[in-house]
Amino acid sequence: MPMGIAQMSVDLPTWWGAYSKGLKEFAGSEEQAARYADSMVRMSQSSGSTKDLARVQRGGDFLRLTTMFYSYFNTLYNLGTRRVGMLKQHHSPADIFMAANAAFLLWFTPATGRLFRWPMPVTVQS
């Protein structure tokens, strides 16, 4: 599967969700909703263009090589930090649930995912 098609499978739902939210927030203005949706895709799915890269990623070839996966981990860090920050400000059951959900999906599942894969690998001893 070409990378562009795989990326579109993530970008389109993000864009449509943000567009729907933008229509509600901007009193039905399609132009403002589209700009909002574009910005949400840009913030959540880095395009790799210079304007979307963090300053540390804009260096020479060696620096770009050493920060190849920075976008993913930076987004992961930002999502976790946002949820923890919301939990520090508000202690409602909804915020506690969202923080626990974020911890489960962002940290616990990726860390333990290999333990629970199916079928389990078979080790043959001789």
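What you get for the chain, charging only the Cβ of Lys and Arg (+1) and of Asp and Glu (-1), is a dipole of about 360 debye around the Cα centre.
Stokes-Einstein diffusion for the chain at 37 °C, viscosity 0.692 mPa s, with a Kirkwood radius from C-alpha pairs, works out to 184 µm²/s. Working from label points 7 Å from Cα in the Cα-to-Cβ sense, the Ser29 to Asn101 distance is 2.9 nm. Of the residues Arg83, Arg42, the one with the fewest other Cβ atoms within 10 Å heads the list, and the complete ranking is Arg42, Arg83.
Relative to the dominant Cα principal axis of the chain, helix 3-25 is inclined by about 40°. If the chain linking Ser92 and Phe108 were pulled fully straight, counting 0.36 nm for each residue of separation and taking away their Cα-Cα distance, it would gain 3.5 nm.
The angle separating the long axis of helix 93-103 from the principal Cα axis of greatest extent in the chain is about 50 degrees.
Distance from the Cα centre of region 12-73 to that of region 76-109, in angstrom? For region 12-73 versus region 76-109, the Cα centre distance is 21 Å.
Computed from the coordinates by the stated procedures, all read-outs in this text should not be read as laboratory data. Remember, it's a predicted structure, so these values are computed and weren't measured experimentally. No Cβ is skipped: glycine too gets one built from the backbone with ideal geometry, and neighbour counts run over all protein chains shown.
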